[in-house]
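*Asks:* Can you read through this structure? Questions will come right after.
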Amino acid sequence: MMLSCFFEDMTKAYQAELEDLQSDSEGNDILTSRLKDKRQQFELMMSMIETAPEMVAVAFHGGINFSDRQALTELAMCEPDEFPAWSQLADAVQFSDWAGKLAAIALKHPKGKRFLSICVCLEYLYEKSNGNYHGDYNLPEDTSDDAVEGVERDDNDEQDLEAEGADWLADQGFDRLG
């Protein structure tokens with residue numbers, strides 16, 4: 001398959017992002033917990049979809065099934081200004097329950113449809129490159145509504161957000177401040 005320059009670069013960045021999330025500084029496999037964290041912070045991360053979409057797109061990892069592989073193959077050959085409308089792609093994929101909730105959040109964003117096109121294509125290309133052609137897997141811990149628990153946040157939860165951020169940084173191997 002001939003990838004567009006955009007998806008060639010994005011695929012490398014997406015794979016690197018997943019690899020970065022895979023293990024902690026001690027080599028422990030913590031991908032599941034880090035993806036759960038990303039899903040819980042999804043709405044906050046939407047501000048990054050234009051500058052670093054691969055960092056947000058990983059939240060969908062393991063939550064998309066592909067019913068029209070031809071449509072996704074064709075999308076992978078497109079540059080962003082050539083993307084088909086999301087309405088043309090929406091039937092090519094099915095989101096798991098938790099991923100559907102994330103997609104609904106993304107669709108509220110002005111650039112959400114374009115972002116979802118990128119997400120589904122990146123996950124499709126990742127699965128294809130790793131030999132999982134069925135696209136019918138989910139990460140066990142993330143198949144419930146718990147995967148997106150806390151996505152809707154009260155704007156007054158500033159302290160909780162700071163604590164969660166500190167916890168996340170500590171999980172990444174950074175020392176806690178103060």
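*Asks:* Once you have a ≥ b ≥ c as the square roots of the Cα gyration tensor eigenvalues for segment 45-116, tell me rounded if a/c is under 1.5, and otherwise prolate or oblate according to whether a/b is larger than b/c.
*Replies:* Here segment 45-116 falls in the oblate category.
*Asks:* OK, next. By per-residue mean of other Cβ atoms within 10 Å, what is the highest-first order of 98-111, 72-85?
*Replies:* Descending packing order for the listed peptides: 98-111, 72-85.
*Asks:* Would you kindly find the accessible area of residue 68, with a 1.4 Å probe and non-protein molecules such as ligands, DNA and RNA excluded, rounding to the nearest 10 Å²?
*Replies:* So the heavy atoms of residue 68 present about 60 Å² to solvent.
*Asks:* Pull out the extension gain between residue 77 and residue 107, defined as 0.36 nm times the separation in residues minus the alpha carbon to alpha carbon distance; nm, one decimal.
*Replies:* Separation in residues times 0.36 nm, less the Cα-Cα distance, equals 8.5 nm.
*Asks:* Across the Cα atoms of segment 1-65, what radius of gyration and what greatest pairwise Cα-Cα distance (Dmax) are found, in Å?
*Replies:* In Å, with Rg to one decimal and Dmax whole: 12.7, 38.
*Asks:* Ordered by residue, what ³J(HN,Hα) values in Hz, to whole numbers, does segment 36-49 give under the Karplus form 6.51 cos²θ - 1.76 cosθ + 1.60, where θ = phi - 60° and Gly and Pro are x?
*Replies:* The phi angles translate into 4, 4, 4, 5, 5, 9, 3, 4, 5, 7, 4, 5, 9, 5 Hz.
The values are calculated or read from the model by the stated rules, or taken from the named source; none is laboratory data. Keep in mind it's a predicted model, so treat the numbers as computed, not measured. Glycine also receives a Cβ, built like all others from the backbone with ideal geometry; neighbour counts cover every protein chain displayed. With ligands, DNA and RNA removed, areas are computed over all heavy atoms of the protein, side chains included. Shrake-Rupley method; radii C 1.70, N 1.55, O 1.52, S 1.80 Å.
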